[in-house]
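Peer 1: So that we are looking at the same thing, I have put the structure below in structure tokens.
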Amino acid sequence: MRRLLDIIGLQAGYGASRVLNDLSLHIDEGESIGLFGPNGHGKSTLLKAISGLLRPTAGSIAFDGKDITTQRPPSIVAAGLIHAPQGNTLFGNMRIAETLELAAFSKRAKAEAGRHLEEVYALFPRLAERKQQFARTLSGGERQMLSIGCALMCAPRLLMLDEPTLGLSPRLKEELAAAIAKISKTGVPLIVVEQDVEFLLSLTDRLYMIEHGEVVREISSANAPDHEEVMRLYFGAEGAH
Amino acid sequence: MDALLATLVSGLVLGSLYALMSSGLSLVWTTLGVFNFSHGALMMVGAFVAWTVSEILGLGPVTGILSGTLAAGLIGIIIERLLVRPFYSNRNMLLITAMTTLAAMVILERGAQMIWGARLKQLPRLIPGEVQILGTTISAHEALLIVLAPLILVALWRFTVMTNRGRSLRAVGQNQDSAALLGIDVPVAFALAFGISAALAGLTGALLGSIRFITPTMGSEPLTKAMIVVIFGGLGNLGATAGAAYLIGFIEAFLIFGLGLYWTPFVLFLLMILVLLFRPNGVFGGK
């Protein structure tokens, strides 16, 4: 099967401290994956390395058959590999409408900006109601919607969402989860980082558990572990209760 | 009454000059977070190049002004590349670039002295003759400055608000990582901001070259005034900067009229200190 994303032996970090140790994972054409695991073990760092914000020190990343390990964000975005980072505050002094228009920055995205803008407003009616509002005045949930909206404006061929429901109320969380499921149904492959394993299982085909900068377990959603086992994965053999 | 109107018109001319200078400074500050001390020297380069192309090469003042604008813009991009870009990831970037752009100012001023010498030079006026505004007679060239400044400011404002290329400059200034993840090339945005800012300085210098004398240090006084303007208006907002530019222009004109040339800088700096003490975000600055 053709691989959309292929990561082999990736190492990356900040200065002297290495966060990713020999991490390998892949996405086949037509599937979505989820990443979970304890905080501070390299999930966000992995996404930063993929999107070019952080240069890996070893290993390789291939997207759609092309090596992108040392490419900078503009060309990675142009290729359609889009990253909505965790807690993305975007641009406080910019209005919602112009932020979304700006997000269709690459030539490929610009060509379809009109259609994508309609889709984003249909997906998140709240953004349509607040078009002229500055991003700094938005609530946490609305900011998350804007961040995902911007990612959609980039015309993603693979969309990476880093904890899209972090810190949101249960009701908002549900709303965003439904929107993300809708995006997935339109055929956009996803990499989703989340703590909520059940949510990931319902959304994606496979899950990778990441610990100490490595993949420690791979789970297929088809034979998913039950709640007890998930808890054991997180907290060790002793169990959570 | 006549004296009052004359002072107003003279304030308008000064305000136009300061608006052109300070909007460039403000653009670089909002995009890169750098204060460009070579901004005045870039203005001077624009004037000298305009003079050379117009008077020595004999190509006329319009070609001269365009060449001066372009030359300053190019030198601005070179300064960004060589003296600002190497320090982007440095924690002390603001301090280091204050020194490197000051160095650029010295290099440009000394270089101009070596190339063009110390003799005073002047460009012919773009439009000969005089016009009457509010019952005051000023040269048509100064009137052109009054008309041109708001047009250029509106064009700059439209660029940063209506076009994606212009918006990308604001985005990069507010959040580099988020901008990069939308596909915006951050170093390109920095170079573009520096280039536009320097070109604006060059244009100002070329226009000023037929009102004042062209000398290697002609940019230092406008740079000082532009600094007062951006502090007065609050850094980071084009509208506030433009408003402050005209305000300072009027205040200066009235101070010269009432107190004389000698005490005017003293009062202006006193005002600046008061603003910094009581409204550190500027007279029009919120937050």
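The values are calculated or read from the model by the stated rules, or taken from the named source; none is laboratory data. Just so it is clear, the model here is predicted, and its values are computed rather than measured. Please note: Cβ atoms are built from the backbone with ideal geometry, for glycine as well, and neighbour counts cover all protein chains shown.
Peer 1: In this structure, does residue B:203 turn out to be touching a residue at least 12 places away in the same chain (Cβ under 8 Å) and of a type outside the set (Phe, Trp, Tyr)?
Peer 2: Yes; evaluated as a whole, the condition is true for this residue.
Peer 1: Yes or no: the stretch A:103-117 includes at least one residue that is touching a helix residue (DSSP H, G or I) at 6+ places or on another chain (Cβ under 6 Å), more than 25 Å from residue A:187 (Cβ to Cβ) and touching a residue at least 12 places away in the same chain (Cβ under 8 Å).
Peer 2: Within the stretch A:103-117, none of the residues are touching a helix residue (DSSP H, G or I) at 6+ places or on another chain (Cβ under 6 Å), more than 25 Å from residue A:187 (Cβ to Cβ) and touching a residue at least 12 places away in the same chain (Cβ under 8 Å).
Peer 1: Condition check: touching a strand residue (DSSP E or B) at 6+ places or on another chain (Cβ under 7 Å) and among the acidic types (Asp, Glu). Does residue B:130 satisfy that?
Peer 2: Judged against the criteria, residue B:130 is a match.
Peer 1: Which of the residues spanning the stretch A:37-56 are out of contact with any Lys or Arg (no Cβ under 8 Å at 6 or more places or on another chain), buried (at least 18 other Cβ atoms within 10 Å of the Cβ) and over 19 Å from residue A:72 (Cα atoms)?
Peer 2: The answer is A:41, A:42, A:43.
Peer 1: Could we say that residue A:206 is basic (Lys, Arg), more than 14 Å from every other protein chain (Cβ to nearest Cβ) and over 14 Å from the mean Cα position of the chain (by Cα) here?
Peer 2: For residue A:206, the condition - basic (Lys, Arg), more than 14 Å from every other protein chain (Cβ to nearest Cβ) and over 14 Å from the mean Cα position of the chain (by Cα) - is met.
Peer 1: Next up: Out of (1) at pLDDT below 95; (2) charged (D, E, K, R); (3) closer than 15 Å to residue A:191 by Cα; (4) in contact with a Leu (Cβ under 9 Å, 6 or more places away or on another chain), the odd one out for residue A:3 is which?
Peer 2: Failed condition: (4).
Peer 1: Now for a separate question. Restricting to the stretch B:61-114, name every residue that is crowded, with 16+ Cβ neighbours inside 10 Å, over 27 Å from residue B:214 (Cβ atoms) and without any contact (Cβ under 8 Å) to a residue 60 or more places away in the chain.
Peer 2: Within the stretch B:61-114, B:87, B:96 qualify.
Peer 1: Output the helices (runs of 4 or more DSSP H) that fall wholly within the stretch B:145-239 and possess 3 or more residues being away from chain A (no Cβ under 12 Å) and under 15 Å from the mean Cα position of the chain (by Cα), or say none.
Peer 2: Ranges flagged: B:186-208, B:220-233.
Peer 1: Could you check the stretch A:147-168 and list, in sequence order, the residues that are closer than 20 Å to residue A:197 by Cβ and either part of a helix (DSSP H, G or I) or of a type in the set (Gly, Ala, Ser) (or both)?
Peer 2: A:167, the sole residue that qualifies.
Peer 1: Can you find a residue that is over 23 Å from residue A:30 (Cβ atoms), modelled with pLDDT under 95 and not in a helix (DSSP H, G or I) anywhere in the stretch A:172-186?
Peer 2: So far as the stretch A:172-186 goes, no, none of its residues is over 23 Å from residue A:30 (Cβ atoms), modelled with pLDDT under 95 and not in a helix (DSSP H, G or I).
Peer 1: Take the residues in the stretch A:81-98 that are polar (S, T, N, Q) and either part of a strand (DSSP E or B) or within 8 Å of chain B (Cβ to nearest Cβ) (or both), then tell me which one is surrounded by the fewest Cβ atoms within 10 Å (Cβ to Cβ).
Peer 2: In this case the residue turns out to be A:93.
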